[in-house]
1. If you bin the C-alpha pair distances of chain B every 5 Å from 0, what whole percents do you get?
2. Where does each of A:51-58, A:12-19 land if you order them by average Cβ count within 10 Å, highest first?
3. Which FRET efficiency value, to the nearest 0.05, is calculated for A:ALA12 and A:GLU162 with the Förster distance at 41 angstrom and r the Cβ-Cβ distance?
4. Is there a quick way to get the dipole size of the protein assembly as shown? I mean about its Cα centre, with the Cβ of Lys and Arg at +1 and of Asp and Glu at -1; what is the value in debye to the nearest 20?
5. Find which of A:TYR26, A:SER99, A:LEU2 sits farthest along the positive direction of the dipole of chain A, computed with +1 on the beta-carbon of Lys and Arg, -1 on that of Asp and Glu, about the Cα centre.
6. Give the separation of the Cα centroids, segment A:112-179 to segment B:1-26, in Å.
7. Specify the residue with the greatest mean-square fluctuation among A:GLY131, A:GLY75, A:GLY150, computed from a Gaussian network of chain A linking alpha-carbon atoms under 10 Å apart.
8. Show that you can apply the helix-only estimate: for chain B, add -39,500 (n - 2.57) for every DSSP H stretch of four or more residues, divide by all residues, and state [θ] at 222 nm to the nearest 500.
2 protein chains.
Amino acid sequence: MLSRGYGSIGVAEICARADVRKGSFYHFFESKQALTIAVVDAHWQAQRSAWTAVLREPVPALDRLERLFREQVEGQRRTKLTAGAVHGCLLANLALELSQQDSPVQERLEEIFAEQVGLVQAALDDAAHEGAVPPPRPSTARSLVAQLEGLVLFAKLSNDPEVLNDLWEQARLLLGVAEDLSPTA
Amino acid sequence: MLSRGYGSIGVAEICARADVRKGSFYHFFESKQALTIAVVDAHWQAQRSAWTAVLREPVPALDRLERLFREQVEGQRRTKLTAGAVHGCLLANLALELSQQDSPVQERLEEIFAEQVGLVQAALDDAAHEGAVPPPRPSTARSLVAQLEGLVLFAKLSNDPEVLNDLWEQARLLLGVAEDLSPTA
């Protein structure tokens, strides 16, 4: 699903790859949609553990946020090295592929993205409390995740994780704490 | 394709909806992939006309860019009003759904996004020349389009165009020309 998307994969193929019978599949999952919600939940559970581990490190909040964003870039780089392709973000891939007809999956994705934005928001509030960033707007945390997802889209499309190199610098601009705007190249 | 994605639609359904026979389809298009490239080209041709019209208006470059970004927000708002759903951006939807196996479509999408970034880059260069923004980094134009696409993802997922309300303010932050970082809410 991460590499090929949702719509082009059927239950028959999933069963063939997993070497199980369709009856077994439907014993555990009502539909491909139900399986997808389980996949999305498992994916976010692992990702949330990684996010909260970074966001609990005993360093200033802005550094925690920087580590979190740099870790996302590293993750795309690792996938390129190990799988040969930048798969992007499973949650964003599904968010743009699915539509209203898949609303149970969409609703779950919406909740997960709200959690992601909430984790970033909490770190931002800490950073503002520490005086490291101006008080964030209500939309600031989402703008950071949007920048991440937008750049991951370009990285996936061009199969090139280097697209993400300036992510943290762009996040600092969105936070109003970039120091140097002169060209780097 | 805009509302349902690529993978879940087959040639048979396309033919049924268009009321043509499969033979006619394959007379004009070698495959669904070939049709998709034609769809993407037609979509971008119309969008590019709209973009270049805005970017040629006789106002300062930064104002042209603002109009372009505000027009993208209005476009999502209009779709919500007329179609009842935020469909997002066809090109980004396909970019995140498709994978290496659909490389001809991906390559075309990559070219189109490079054109989009190039149009933004040209306006940014003009704005820098006019002294309205600091000299842009090589990655600045792409960060603006990434911000747009990332927020459009959230707008599509939550079916709420209001998510895009702060887009231009966030673009100004990325450009280093935001004046006021105090909270709006």
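1. Bins of 5 Å from zero give 1, 7, 14, 17, 18, 15, 11, 7, 4, 3, 1, 0, 0 percent of pairs.
2. Listed from highest to lowest mean packing, they are A:51-58, A:12-19.
3. 0.60
4. So the dipole magnitude of the protein assembly as shown works out to roughly 1220 debye.
5. Of the candidates, A:TYR26 comes out farthest on the positive side.
6. Segment A:112-179 and segment B:1-26 have Cα centres separated by 39 Å.
7. Among A:GLY131, A:GLY75, A:GLY150, the largest mean-square fluctuation in the Gaussian network model of chain A belongs to A:GLY131.
8. For chain B, the value works out to -22500 deg cm²/dmol.
The numbers here are math on the coordinates, done by the rules we state, and not lab data. Bear in mind the structure is a predicted one, so any value in this text is a computation, not a measurement. No Cβ is skipped: glycine too gets one built from the backbone with ideal geometry, and neighbour counts run over all protein chains shown.
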